[in-house]
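The block underneath contains the structure these notes are about, expressed in structure tokens.
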Amino acid sequence: MLSASELVNLQRQLTIFEYNHWWNEVLFTPQWFLLVFTVIVPWYIWLKLVDRKRIMEISLFGTLSIILISLLDVIGVGLGLWGYKYKTCPLIPLLIPVDFTALPIIYMFIYQHYRTWKSFIIVLTIVSFILTFIGEPLVELINIYQRYAWEYIYSLPIYIAIAVFCRLTVTMLIKLNSQQ
């Protein structure tokens, strides 16, 4: 059994190894540039296309999705279910372009454009199928995402549940706010 100080030392060594790997093997690779591009460009597009009248509501929805996506990603990486060979930043275990950009922006556009629950669920399900069976394999194919103990199909209900939970929460908060 390792002591707490031994665990901290091992974590420091792992951090040094991860940083060195990122510096020598990841930084300025085509995958790294793709990830940086994916962090910046979708936000620019979102700023141009977001419904300004509902920007606070849509942003709340997006922020909740970022929190849930990131939390689930940290848990998945921590449990060794999946990992990332290429990251934008060496010290963050998350895939920031997906957790903080791609998925939240996709969810926010669905939320913005599909106001009824029926249309929201239909489009969300179609997009979730695309993310699960095209997006994930593509990101794995270009060697950014690596599955260790995970199957694509597991992601499908999670993609749907995240957006449904966020919509339920925002709907409830709007209702509570209007009662004041």
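Computed from the coordinates by the stated procedures, all read-outs in this text should not be read as laboratory data. Note that this is a predicted model, so its numbers are computed, not measured. Glycine gets a Cβ as well: all are built from the backbone with ideal geometry, and neighbour counts include every protein chain shown.
Things worth noting here:
- Taken over the range 160-169, residues that are of a type outside the set (Gly, Ala, Ser) and either free of Cβ contacts under 8 Å to residues at least 40 places away in the same chain or in contact with a Pro (Cβ under 8 Å, 6 or more places away or on another chain) (or both) amount to 2.
- Unmet criterion (only one of (1) surrounded by fewer than 17 Cβ atoms within 10 Å (Cβ to Cβ); (2) of a type outside the set (Gly, Ala, Ser); (3) under 27 Å from LYS85 (Cβ atoms); (4) under 20 Å from the mean Cα position of the chain (by Cα)) for LEU27: (4)
- From LEU47, LEU2, LEU35, residue being surrounded by fewer than 14 Cβ atoms within 10 Å (Cβ to Cβ) and part of a helix (DSSP H, G or I): LEU47
- Filter pass, GLY62 being loosely packed, with under 11 Cβ neighbours inside 10 Å and within 17 Å of VAL98 (Cβ to Cβ): no
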